[in-house]
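Q: One structure coming up, written as C-alpha cells, with questions to follow.
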Amino acid sequence: MPSLADTYYERASGMLARARETNGPAIARLAPLIGQSIARGGVVHTFGSGHSELISREIIGRAGGLVCVTGIIDPTGGFIENLPGYGERLAARYDRQYQLNPGETVIVISNSGKNASPIDVALYARAKGLAVAALTCVAMSKVTPSQHPSGRKLPDVADHVLDNCGVPGDAIVDLGGGANAGPTSTLVGCSILNWLMLAVAEWLRSNGHPLPVLRSQNIPGAIEHNRELAERYRGRLSRQLA
C-alpha cells in the first residue's frame with residue numbers, strides 16, 4: 001500500500017500535468033498582452049489574500065523572474081478579506097502609491113474565488129482599464145457561495161481565467177474520518193504563474209525586446225545587475241530592490 005506522501009505525489013503530479021494542458025490556451029492569449037505592456041514600460045501586478053498571498057509573491061523579486069512584477073499586499077493577511085469595500089480601498093491605496101495603469105495586467109489569486117477582497121481588487125483594476133487574470137480553482141468556485149455584495153465570484157469578473165485544476169477543499173489525500181490532507185493550490189498555482197512568466201519572456205525575446213530578468217543575489221555582480229534593472233521601475237514596485 002503506498003504511503004500518504006506517495007499518494008500525494010502521484011495525484012499531484014497528475015494534477016500538474018492537467019493544469020499544464022488546461023491552461024495552455026489562456027497562457028497563449030495572456031503572454032502577448034503582458035509582453036506588449038512590458039515592452040511599453042508597464043508592470044505586472046499581483047494580489048492574493050490570505051494563503052494565496054504566498055502564490056502572488058512567487059513571481060515578485062524572484063531570481064530568474066521578471067523585475068517588473070509587483071504586488072498589492074494586504075497588511076491584515078486576509079483577516080478582513082470579507083469586510084465590504086475593504087479590497088477596493090486596498091487597491092485604491094496601492095494605486096495612489098504605485099499606479100495601476102491602463103493596458104497593464106493584474107493577476108488576482110483566490111483558490112475559492114468567493115471572497116470579497118480579490119473580487120474588489122479585480123473590479124477596481126478593470127475600471128481602471130487593466131486586464132484581469134484570475135488564478136483560481138474553477139471546481140471550487142462553482143460550489144461555494146460568493147461573499148461579495150454583488151453575488152459574483154472571481155471568474156465572473158476576470159478577463160482571463162487560469163484554473164489550478166484542484167478539488168473543492170484543496171486537499172487531495174484521504175486520511176479517513178472525513179479528514180483530508182495534501183493541498184495542491186500552492187504547488188500548481190506557482191507553477192502556472194511561472195509558466196506564464198516564461199511565456200512572456202519568450203514573447204519578449206522573440207520580438208526583440210530586452211529581458212529584464214533578475215539574477216540570484218548569490219552570484220557575483222548580480223546585486224548590481226538587479227539594482228540597475230529595478231531603477232527603470234523606481235516608484236512602481238511595492239518591493240523595491242535596495
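Any read-out appearing in this document is the output of simple, stated calculations on the displayed coordinates, not a laboratory observation. Every value quoted in this text rests on a predicted model; they were computed, and no experiment measured them. Cβ sites come from the backbone with ideal geometry, for glycine too, and all protein chains shown count toward neighbours.
Q: Straight-line reach from LYS153: which aspartates and glutamates have Cα under 19 Å away, leaving out those fewer than 8 places along the same chain?
A: LYS153 reaches GLU53, GLU81, GLU88, ASP120, ASP163, ASP170.
Q: So how tilted is helix 86-98 from the main axis of the chain? Cα-based, degrees 0 to 90, rounded to 10.
A: 20
Q: Counting other beta carbons within 10 Å of each residue's own, what order do MET197, MET1 fall into, fewest first?
A: With the fewest neighbours first, MET197, MET1 line up as MET1, MET197.
Q: A further question follows. How many nm is it between the label spots at LEU83 and LEU54, if each spot is 7 Å from the Cα in line with the beta carbon?
A: 2.5
Q: Report, by chain and number, residues whose modeled amide H sits under 5 Å from the one on THR46, excluding near sequence neighbours (fewer than 5 apart, same chain).
A: THR70, GLY71, ILE72, ILE107
Q: Can you sort HIS160, HIS45, HIS148 by how many other beta carbons sit within 10 Å, fewest first?
A: With the sparsest Cβ surroundings first, the list reads HIS160, HIS148, HIS45.
Q: Can you give the % of DSSP beta bridges in region 42-231 that are antiparallel, to the nearest 5?
A: Antiparallel bridges make up about 20 percent of those DSSP assigns within region 42-231.
Q: Here is a follow-up. Loop only by DSSP, 11 or fewer other Cβ within 10 Å of the Cβ. Give me the trypsin sites (Lys or Arg not before Pro) in region 108-188 that pass, ordered by residue number.
A: Filter output for region 108-188: LYS142.
Q: Could you work out the local net charge near VAL43, counting Lys and Arg as +1, Asp and Glu as -1, over the other residues with Cβ closer than 12 Å to its Cβ?
A: +4
Q: Sum up the charges of everything whose Cβ sits under 15 Å from the Cβ of ALA63, counting Lys and Arg as +1 and Asp and Glu as -1, but leave ALA63 out.
A: Once all neighbours under 15 Å are counted, the net charge is +3.
Q: Further question: Tell me which residues come under 5 Å, amide H to amide H, from ASN164 once H is placed; ignore anything under 5 positions away on its chain.
A: The list, which skips near neighbours in sequence, is THR136, CYS137, VAL138.
Q: In deg cm²/dmol, rounded to 500, what helix-only [θ] at 222 nm does the chain give when every DSSP H run of at least 4 residues adds -39500 (n - 2.57) and the total is split over its residues?
A: -14000 deg cm²/dmol
Q: Same structure, new question: Give a residue-ordered list of calculated ³J(HN,Hα) values for region 25-40 (Karplus: 6.51 cos²θ - 1.76 cosθ + 1.60, θ = phi - 60°; whole Hz; x for Gly, Pro).
A: Going residue by residue, I get x, 5, 5, 5, 7, 6, 4, x, 5, 5, x, 4, 5, 5, 4, 8 Hz, with x marking Gly and Pro.
Q: Now for a separate question. Kindly express, to the nearest 10 degrees and within the range 0 to 90, the angle between helix 116-127's C-alpha long axis and the longest C-alpha principal axis of the chain.
A: Around 40 degrees separate the two axes.
Q: A further question on this structure: Would you calculate the separation in nanometres between label points at ASP174 and ARG40, each defined as 7 Å from the Cα along the Cα-to-beta-carbon direction?
A: Taking the two extended label points, one gets 5.2 nm.
Q: Enumerate the calculated ³J(HN,Hα) couplings along region 59-73 in order (Karplus 6.51 cos²θ - 1.76 cosθ + 1.60, θ = phi - 60°), each rounded to whole Hz, writing x wherever the residue is Gly or Pro.
A: 10, 9, x, 9, 4, x, x, 7, 5, 8, 10, 9, x, 7, 9
Q: Hey, what do the phi angles of region 130-139 turn into as Karplus ³J(HN,Hα) couplings, whole Hz, using 6.51/-1.76/1.60 and θ = phi - 60°, x for Gly and Pro?
A: 8, 7, 10, 10, 9, 10, 8, 9, 4, 4
Q: Something else: Taking the Cβ of each residue in LEU198, LEU193 as the centre, tally the other Cβ atoms inside 10 Å and list the residues starting with the fewest.
A: With the fewest neighbours first, LEU198, LEU193 line up as LEU198, LEU193.
Q: Quick one: check the C-alpha center-to-center distance for region 107-133 versus region 152-183, whole angstrom.
A: Cα centres, region 107-133 to region 152-183: 18 Å.
Q: Quick check: pseudo-label points 7 Å beyond the Cα along Cα→Cβ at ALA92 and ASP156, how many nm apart are they?
A: 2.3
Q: Taking 25 Å as R0, compute the FRET efficiency from the Cβ-Cβ separation of ALA5 and GLN217 and round it to 0.05.
A: 0.15
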